[in-house]
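Comments concern the structure below.
The values are calculated or read from the model by the stated rules, or taken from the named source; none is laboratory data. These numbers were taken from a predicted model, which means no experiment stands behind them. Positions of Cβ are backbone-derived with ideal geometry, glycine not excepted, and every protein chain shown enters the neighbour counts.
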Amino acid sequence: MSTVLITGCSSGIGAATAADLVAHGHTVYATARRPETLKDLADQGCHTLALDVTSEESMAAAVATVEREAGSIDVLINNAGYSQSGAVESIPLDNIRKQFETNVFGLIRMSQLVLPGMRKAGRGRIINLGSMGGRLTFPGGGIYHSTKYAVEAISDAMRFEVQGFGIQVVLIEPGLITTEFAGTAVGSVDGLNDGPYAEFNAKVGKVTADIYAGPMAALVGGGPDAVAKVIRKAVQSKRPKARYTVTPSATLGILQRQLTPDRVWDLAMRAQFPVPKGE
């Protein structure tokens, strides 16, 4: 069994994954920016630590603690992330920086911190939580989608770069997953209700809320447990795939985008979102 370090375990996919892996005999270090949110996971047998992926000191301390206590980190699961929605022009640059710090730079730095130990051991696995949103883009999601496109590129490059050291890199691409993620995405547009994109941003929030609460979520989506099971497969497989999609919405959405010309895609988006324009 493996020693697993997971970021972003306060709720959703991270919490479900930590619970699933510890139940299947793995040694799990579940982390979150606010460790008081991890009590349920501690009760289930997880080790819990504070870890803020926007803080160098916090990340380094967490990795050092796990390596000191467990001897090595066999698997890093880069799960921490959230969605910043809204038209690109309307989002303050500080919000954009925060989105990249959490979704991209934290993932990169955590990988850099665990790789020396993995190289020394001659084995290891890094599992990155991407999204079907790294393969297609919805209006109002440009900033979030760009972070997931970055995770795609980083994962592809690292998979080649570290394989000679016995380390494998796996990308998980969930589709529509019903977690607190949706509420965060909707809430991220609340302060963007002035100016020329006000109507558009409001519609982005409504469409997002409707998708996660509507019948499509039950039909082609899934809960965090669905992702946790796929991550367990990626952890335990002797020869994991480079990519795992999760839920029919991911498989169908990615395929639809691959087959749809840009102009046709844009026309389809017009059916869901108002086109921002001058008076």
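Answer yes or no: is there a residue in region 254-276 that is touching an Asp or Glu at 6+ places or on another chain (Cβ under 9 Å), closer than 20 Å to F200 by Cβ and crowded, with 16+ Cβ neighbours inside 10 Å. Yes, some residue in region 254-276 is touching an Asp or Glu at 6+ places or on another chain (Cβ under 9 Å), closer than 20 Å to F200 by Cβ and crowded, with 16+ Cβ neighbours inside 10 Å.
Count of region 9-30 residues, restricted to those that are under 8 Å from C46 (Cα atoms) and polar (S, T, N, Q), is 1. Total residues in region 141-182 satisfying the condition of being among the basic types (K, R) and surrounded by fewer than 19 Cβ atoms within 10 Å (Cβ to Cβ): the figure is 1. Condition (residue is among the aliphatic types (A, V, I, L, M), free of Cβ contacts under 8 Å to residues at least 60 places away in the same chain and touching a strand residue (DSSP E or B) at 6+ places or on another chain (Cβ under 6 Å)) applied to region 5-17: is it met by at least one residue? No, that holds for no residue. The set of residues from region 86-101 being surrounded by fewer than 24 Cβ atoms within 10 Å (Cβ to Cβ) and not acidic (D, E) comprises A87, V88, S90, I91, P92, L93, N95, I96, R97, K98, Q99, F100.
For region 169-201, filtered to residues that are more than 23 Å from T245 (Cα to Cα) and among the acidic types (D, E), the residue that is modelled with the lowest pLDDT is D190. Taking the numbered list (1) of a type outside the set (D, E); (2) more than 20 Å from P116 (Cα to Cα); (3) surrounded by fewer than 20 Cβ atoms within 10 Å (Cβ to Cβ); (4) in contact with a helix residue (DSSP H, G or I) (Cβ under 8 Å, 6 or more places away or on another chain) in turn, H47 passes all entries but (3). With respect to the conditions (1) modelled with pLDDT under 90; (2) within 22 Å of V88 (Cβ to Cβ); (3) in a helix (DSSP H, G or I), Y149 lacks only one, and its number is (1).
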